[in-house]
1. Restricting to the range 177-226, name every residue that is in contact with a strand residue (DSSP E or B) (Cβ under 7 Å, 6 or more places away or on another chain), polar (S, T, N, Q) and either modelled with pLDDT under 95 or not in a loop (DSSP other than H, G, I, E, B) (or both).
2. Give, as residue ranges, the strands (runs of 3 or more DSSP E) completely inside the range 1-64 that count at least 1 residues that are near the ligand (Cβ under 9 Å from one of its atoms) and not polar (S, T, N, Q).
3. Scan (1) open to solvent by 60 Å² or more (accessible area, probe 1.4 Å); (2) more than 22 Å from G42 (Cα to Cα); (3) of a type outside the set (A, V, I, L, M, F, W, C) for the single condition T195 breaks and write down its number.
4. Show the residue pairs that are 6+ apart or on different chains and have beta-carbon atoms under 8 Å apart, the first residue being within the range 237-252 and within 28 Å of V97 (Cβ to Cβ), the second being among the charged types (D, E, K, R).
5. Could you give every pair whose Cβ atoms fall below 6 Å, whose first residue belongs to the range 80-107 and is open to solvent by 40 Å² or more (accessible area, probe 1.4 Å) and β-branched (V, I, T), and whose second residue is part of a strand (DSSP E or B) and within 16 Å of the ligand (Cβ to nearest atom), counting only separations of at least 6 or pairs across chains?
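The values are calculated or read from the model by the stated rules, or taken from the named source; none is laboratory data. Predicted model, so just to flag it, every value in this text is computed and none were measured. Ideal geometry is used to build each Cβ from the backbone, glycine not excepted, and the neighbour counts take in all protein chains shown. When the accessible area is computed, the model is the full protein with side chains, heavy atoms only, and any ligands, DNA or RNA have been set aside. Shrake-Rupley method; radii C 1.70, N 1.55, O 1.52, S 1.80 Å.
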Amino acid sequence: MTPAFCVVGSINMDLVTQVDRFPRPGETRTGTKFGTYPGGKGANQAVALARLGGNTRMAGKIGDDVFGADYMATFRDEGIDTSIVETVGGTSTGVAVIEVDSGGENHIIIVPGANGRVDSSYIDANVEQIVEAGYILFQLETPFETVAYAMRQASSRGCRTILDPAPAPPHGLSRDMLSQVDYLTPNESEAEALTGIAVADLDSAAAAGNELRTRTAAGIVIKAGGHGAYIIDDDGARHVSGYSVDIADTTAAGDAFNAGLAFALGHGRSLDDAVGFANAVGAMSCTGFGAQSAMPTYSAAEGLINE
Ligand code: RIB
């Protein structure tokens, strides 16, 4: 079946520890829970899209280890097309070491493993399958040059591109990349890293968004966690309210948001409406422990909106 969405990105196994508060440098604390959960910004977006009912293809690489094998089972269980997910011999699957505190906030360290082997030759070998989808989702846990290259392929073939600039790139986004993107979705700290403007309210979000728009024609959507999101595009700057939920773990809320955004845009909704839906998907994803456990179905997300 032709996919509506393709996610080009990272596949990580998350090693997650829950702790009452984050340790200070040099301090040892006793955690309250440990688990191994499927994660990775790319794969989280793919799983969230599939849960919503989106026909989704994953593009990326795993290692030839137990984490990679487990992940393929996860993708299959979620109904994600893995026809172009490649296994790299002699390499580990990407991992993320995550601490979650009692408020659901997290610290994350990633070790890319096979994600670091997603290169332009992989994109060339699979480009026809990637651009079959109308919407292509990118993040920055695979090599920057590969993301730029893949975005160029996708954009030149008429696909809509959504770039989550996460983790924040240390040297900013290239002009080339910015010219290929239709929707750019930093969170507040990524927006600050990209512009030097701290985002705390609509005025500062507008300033950061407009600064980005001097470099790109993309619609800017700044994710603000529980406060919702800010849109900055040709129609000006506006705030779209978020949803209040009982938070267990905020890991992957931004990934869930991007999936919700792509899903709604892909179903013909306006950007404002799509951001409202994405806020609900992101909020619901925070109600379970681990990146993907609480990614909602379409009806669950609509249920929160209509509550
Ligand atoms: O966005 C959350 C994700 O970031 C986690 O699942 C972890 O794998 C890191 O990539």
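1. Across the range 177-226, the qualifying residues are Q180, N187, N210.
2. Numbers: elements: 5-8, 12-18, 33-39, 56-63.
In the range 1-64, the matching strands (runs of 3 or more DSSP E) lie at 12-18, 33-39.
3. Result: T195 passes all but (1).
4. T250/E105; T251/D14; A252/K41
5. Going by the 6 Å Cβ cut-off, the qualifying pairs are T87/I62; V97/L15; V97/I109.
For every residue, the table says whether it meets (1) under 16 Å from I130 (Cα atoms); (2) among the hydrophobic types (A, V, I, L, M, F, W, C); (3) touching a residue at least 40 places away in the same chain (Cβ under 8 Å).
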site	(1), (2), (3)
E27	no, no, no
T32	no, no, no
G35	no, no, yes
G42	yes, no, yes
R51	no, no, yes
G60	yes, no, yes
